[in-house]
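Written below as structure tokens is the structure these notes are about.
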Amino acid sequence: MEIIKNQSHRMNQDYHVIHPTHELPKNATHTILQNNDAFIYHKLITSYKPTPLIELRCLAQKLEVNSIYVKDESYRFGLNAFKGLGASYAVYKTLQEHPNISTMCTATDGNHGKAVAWASKQFNKKAIVYVPKNTSISRIEAIQKEGAQVEKLDLNYDDTCTYAKQRSEANGLQLIQDTAWDGYEKIPALIMAGYLTCLKELETSLHKNNVPDVDIVFLQVGVGSWAAAAVWYYVNKYGANRPKIVLVEPTESDGMMESLKQGIRVIPKGTQQTIMAGLNCGIPSLNAWEIIKDNIDACISIEDFYVENTMNILYNPNGRDSKIIAGESGASGMAAFFKILNDPKLNSLKKELNIDNNINLLFFNTEGNTDPINFNKIINS
């Protein structure tokens, strides 16, 4: 399927291949992920129900692959994104230890802040959310609708996280941040434990056997906490028999790929301006980095136009395929696959991943229409 509108001519390599060890770091994050079953907690939430797994048979036939599955997280808790899984569990576990906390605080580029606000409200707690300078009005209003106080800063994502940390310490607020750094690792690990629910829901379908029923899984990367939780799940469950794992980032905010290339965590070199707001982050989370760096197969960066075209393909499906309402970050995993198919510079990656007509692919629609103004502009273009 030809989806290219204006082929990029970037000279630098748009992907990085890893030779995985299939060995997880035995650290505090690993222990938390092993010892916390957030799935049990999530099933107690009144609005809980498993999000759908959608098979796109007509698209698979058109693209000449065996099968395409999409786990659609836009249905999660009525929040239009997967983030409620991590925030709710971290808030729950934190309040078990410190029940007198009155106010949660976080920095966000959108969906995480909305999730923290929602989770805080479930426990009758307040929430203060700081957002970076490029955050859209739609995303700010969505957070406010969940009852949070929102302050927009003239800062990028990393600096907004630093500001939230400083304000939490100065004012006695409880920081619920989904990125980890030295000395702040427990709560991000609990958030990652919460994310495991979306993988465990697949254990009655794609993850029920000792050998997985998919060959390649595409995972979006912001700071990396969700992707790392998924990587941990697959390595912990299958070891060397796990499916191949491809991480996906915006070209203008590719901190994980730059870090993989340099062997240390670094900030992205790009402008950090992309329609994929949920992935428009800076330096990778420490917890995530320690899991990801030795346990994926490849990392790929994508341009905005691939995402725009993929959103339209999912919104206007072929044949009997179900319509999927995928936001900018939600569509990015599949957008990376389209780039692999369409960009000759990625032919070697296609070969490395053994992509042929027998391949079975899994994508996650991590968000739905979370920015209605931009979404409608893209779909109606």
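Below are the figures for this structure:
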| item | result |
| --- | --- |
| Top-ranked residue of segment 331-381 - restricted to ones that are assigned to a loop (DSSP other than H, G, I, E, B) and in contact with an Asp or Glu (Cβ under 6 Å, 6 or more places away or on another chain), ranked as surrounded by the fewest Cβ atoms within 10 Å (Cβ to Cβ) | N357 |
| Qualifying residue in segment 317-329 (condition: more than 20 Å from S67 (Cβ to Cβ), touching a residue at least 24 places away in the same chain (Cβ under 8 Å), buried (at least 18 other Cβ atoms within 10 Å of the Cβ) and among the acidic types (D, E)) | yes |
| Residue match in segment 80-98 (condition: touching a strand residue (DSSP E or B) at 6+ places or on another chain (Cβ under 6 Å), basic (K, R), at pLDDT 95 or above and not assigned by TED's automatic domain parsing to the domain that holds T370) | no |
| Qualifying residue in segment 291-314 (condition: at positive phi, surrounded by fewer than 19 Cβ atoms within 10 Å (Cβ to Cβ) and outside any helix (DSSP H, G or I)) | no |
| Every pair of residues 6+ apart whose Cβ atoms lie under 6 Å, when the first sits in segment 192-221 and is among the basic types (K, R) while the second is in a helix (DSSP H, G or I) | K200/F39 |
| Unmet criterion (only one of (1) more than 18 Å from H16 (Cα to Cα); (2) surrounded by 24 or more Cβ atoms within 10 Å (Cβ to Cβ)) for P268 | (1) |
| Unique match (being among the acidic types (D, E), assigned by TED's automatic domain parsing to the domain that holds A229 and more than 30 Å from M311 (Cβ to Cβ)) among D72, D37 | D37 |
| T51 being of a type in the set (V, I, T) and within 16 Å of the chain's Cα centre (by Cα) | yes |
| Hey, E328 part of a helix (DSSP H, G or I), within 21 Å of A81 (Cα to Cα), in the same structural domain as A193 (by TED's automatic domain parsing) and modelled with pLDDT of 95 or more or not | no |
| Some residue of segment 110-117 being over 16 Å from A193 (Cα atoms) and outside any helix (DSSP H, G or I) | yes |
| Every residue from segment 6-46 that is small (G, A, S) and either within 21 Å of the chain's Cα centre (by Cα) or modelled with pLDDT under 95 (or both) | S8, A38 |
| Top-ranked residue in segment 116-145 [being at pLDDT 95 or above and in contact with a Phe, Trp or Tyr (Cβ under 8 Å, 6 or more places away or on another chain); ranked as surrounded by the fewest Cβ atoms within 10 Å (Cβ to Cβ)] | F123 |
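Listed here are the residues, each with its yes/no results for (1) outside any loop (DSSP other than H, G, I, E, B); (2) assigned by TED's automatic domain parsing to the domain that holds Y48; (3) surrounded by 20 or more Cβ atoms within 10 Å (Cβ to Cβ).
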residue	(1), (2), (3)
Y163	yes, no, no
S168	yes, no, yes
Q177	no, no, yes
T197	yes, yes, yes
E203	yes, yes, no
V211	no, yes, no
L219	yes, yes, yes
G222	no, yes, yes
A228	yes, yes, yes
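The values are calculated or read from the model by the stated rules, or taken from the named source; none is laboratory data. Treat the numbers as computed from the prediction; the structure is a model and nothing was measured. When we count neighbours, we look across all protein chains shown, and the Cβ atoms used for this are built from the backbone with ideal geometry, even at glycine.
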